[in-house]
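As structure tokens, the structure follows; a few thoughts come after it.
Bear in mind that the values in this text are calculations on the coordinates, not laboratory data. Since we're looking at a predicted model, the values are computed, not measured. Here the Cβ positions follow ideal geometry from the backbone for every residue, glycine too, while neighbour counts run over all protein chains shown.
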Amino acid sequence: MNSSTSVRQASTESGIQKPHVSFPKEANQPTSQKPVKSEVVLQACGVTKNYFKNKIKIPVLRGIDLEVRSGEQLAIIGQSGSGKSTLLHLLGTLDNPGEGEIFFEGNRIDNLPNSARDVLRNKYFGLIFQFYHLLPELTTLENVVMPLMISDGIFKYWWQKKANIDRAKELLELVGLGHRWNHRPSELSGGEMQRAAIARSLITNPKLLLADEPTGNLDGKTGQEILEILRSLNEEQNLTIVMVTHDESIAADADRTIRLKDGLVEAA
């Protein structure tokens, strides 16, 4: 079955043009579940994932059902090896499930072609990782605007360069890094690099933020500052956040918590 994805331009509040992804008509609803409720922005249905080592199958996820509601901060918690990071990567279309289906705003996304996944992650999902993934040869500001350069192409990006730069500087101010925009990652602390990564994840005005152990490499004080930034984004901008963590105290601050154990959602 061939999937087709078309992109059309739509205006955003920031004045930066943002494409809209039209998903395949035949993939509009789950095939084995009730229709997604309007307040559910992300849904996993019966998701499994196995890895293989020397031809030995290692089950990681054994059939995950999950709903993420618009505007909430959801924590996925579990011990190392429970499958929480694997689940987040599947939700963000960075990997494919073995079985099951994943839906964003009622549209199936796990079966999209790579080009459509790229658009989805670039325009609708913000991604934050434990190890920052900043490009070392670029300044902080250049790292933040990079998603716009990728999505718009070099000519359109330069045509809107001032608006793009202004937007990036606003975000760096928002995360408390306005004074470091001309520094390279090697000149930043771990907390500053994570702040830059957060600003980068917000540059395209995503609808959903996926964070994988965003405080894992930070000391307690700096980690708390990062969590406060994320909570502020959730409360003041109604940004939906899904955060993977092994820390019970971090999970306790979320609106809702899902606990994984042995690749399954543990009953409450």
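Below, the figures for the structure above:
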read-out	value
Residue order, fewest to most surrounding Cβ atoms within 10 angstrom, among E142, E170	E170, E142
DSSP beta bridges in the stretch 119-268 [antiparallel fraction, %, rounded to 5]	20
CD proxy at 222 nm, helix term only [per DSSP H run n ≥ 4: -39500 (n - 2.57); per residue of the chain; nearest 500]	-10000 deg cm²/dmol
Neighbour-count order for I56, I109, I229, fewest beta carbons within 10 angstrom listed first	I56, I229, I109
Per-residue ³J(HN,Hα) for the stretch 144-155, Karplus 6.51 cos²θ - 1.76 cosθ + 1.60, θ = phi - 60°, Hz, x for Gly and Pro	5, 7, 3, x, 5, 5, 5, 6, 8, x, 5, 6
Cα→Cβ-extended label distance, 7 Å offset, between D262 and E236, nm	4.5
Unit charges on C-beta of K, R, D, E only; dipole of the chain, Debye	820
Least to most buried among H179, H89, H133 (fewest other Cβ within 10 Å first)	H179, H133, H89
Those residues of the stretch 200-241 whose amide nitrogen sits under 11 Å from the label point placed on L94, 7 Å along Cα→Cβ	210-214
DSSP-defined beta bridges in the chain - what % are antiparallel, rounded to 5	60
Relative pair counts by distance (%), Cα atoms of the chain, 10 Å bins	7, 29, 35, 23, 6, 0
Top positive-direction residue, dipole computed over the chain with Cβ charges, set V265, L209, H89	H89
Selected from E101, E236, E228 as most flexible by GNM, with the chain as the system and alpha-carbon contacts under 10 Å	E236
